[in-house]
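Read the structure below first, then the notes.
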Amino acid sequence: MLIQWEEIVSPSIRRATPDTTSNENRLLRNLLIDSSPDCRTQLLQAQIKHLDAILYTHEHADHCHGIDDLKWMRDKSPIPAYGSHITITNLVRRFGYIFSSNHSFPLHQTILEPHEIIPFKSFYPLDSNKVLTPIIIPIALDHGFNTQVLGFRIGDFAYTTDFINISKQAYTALKGIRWWVVGCLRREQHPTHAHLELVISWVEQLGGVHMTYLTHMNGTMDYNELCTELPVHIRPAHDFLQFEAEF
Ligand SMILES: [Zn+2]
């Protein structure tokens with residue numbers, strides 16, 4: 001998922017990036033959640049030329065194996081990458097060259113700059129303009145078998161995937177959202193991913209969610225069938241779906 005917002009910046013810190021908007025005092029910020037294996041294709045199609053930061057939910061292959069293609073998204077400096085202690089440790093161990101410039105090949109540059117974040121401790125993904133940069137709340141969620149993932153709340157929007165339970169603390173952190181992108185693997189129960197009935201019960205429990213979009217669905221989740229049977233405030237997400245949330 002890509003999150004964009006616009007910042008008004010002073011000319012001295014403005015970067016000459018190709019997707020900067022025509023008004024010279026405005027800068028479009030791009031924040032990516034996870035580097036999925038198909039992120040290269042999707043970023044190209046969306047004409048994204050740079051990333052300002054990346055948030056990692058967890059280190060499973062389907063959430064990070066597009067990491068090598070982020071080299072094309074690097075601007076003048078490494079892209080800040082945020083994740084839990086376990087996620088960052090795993091990514092640095094598995095993809096050391098991405099996080100290091102100590103490489104024998106002189107042209108090699110550090111692509112990502114690792115930042116460990118603490119569950120439920122809010123942070124700013126960029127340290128430029130804190131008035132205009134969204135504050136992010138990392139929400140710890142249970143991925144089953146003692147595995148934890150992070151969801152992210154930004155204003156009235158939350159992105160949460162790959163989890164099976166919502167703790168009281170996580171529920172409190174989600175309360176009040178109006179836009180929710182939530183992992184929903186299939187109709188049948190699963191030991192590590194929420195299924196359709198469970199997600200619907202969470203939406204009812206939270207109340208007040210204007211739109212819920214299902215993500216991380218497997219091939220049994222048919223778009224048309226789901227649209228017919230689900231209430232209008234719950235819809236399957238799809239590539240290039242766009243909506244506007246407030247922070
Ligand atoms: Zn996972």
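The values are calculated or read from the model by the stated rules, or taken from the named source; none is laboratory data. What you see is a predicted model, and the numbers here were worked out from it, not measured in a lab. Note: ideal-geometry Cβ built from the backbone for every residue, glycine included; neighbour counts use all protein chains shown. Accessible surface areas use protein heavy atoms only, side chains included; no ligands, DNA or RNA. Shrake-Rupley method; radii C 1.70, N 1.55, O 1.52, S 1.80 Å.
Below are the figures for this structure:
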| read-out | value |
| --- | --- |
| Residues of the stretch 145-165 that turn out to be within 16 Å of the ligand (Cβ to nearest atom), assigned to a loop (DSSP other than H, G, I, E, B) and more than 13 Å from residue 119 (Cβ to Cβ), as a count | 6 |
| Filtered residue count, the stretch 51-99, keeping only those that are open to solvent by 60 Å² or more (accessible area, probe 1.4 Å), within 16 Å of the ligand (Cβ to nearest atom) and either β-branched (Val, Ile, Thr) or touching a Ser or Thr at 6+ places or on another chain (Cβ under 6 Å) (or both) | 1 |
| Yes/no for residue 185 being outside the structural domain of residue 71 (by TED's automatic domain parsing) and open to solvent by 10 Å² or more (accessible area, probe 1.4 Å) | yes |
| Condition met for residue 224 (within 16 Å of the ligand (Cβ to nearest atom) and either at pLDDT 95 or above or not in a strand (DSSP E or B) (or both)) | no |
| Test set (1) at pLDDT below 95; (2) within 16 Å of the ligand (Cβ to nearest atom); (3) not aromatic (Phe, Trp, Tyr) - residue 102 fails condition number | (2) |
| Matching residues in the stretch 209-240 - criterion: being of a type in the set (Gly, Ala, Ser) and surrounded by 11 or more Cβ atoms within 10 Å (Cβ to Cβ) | 237 |
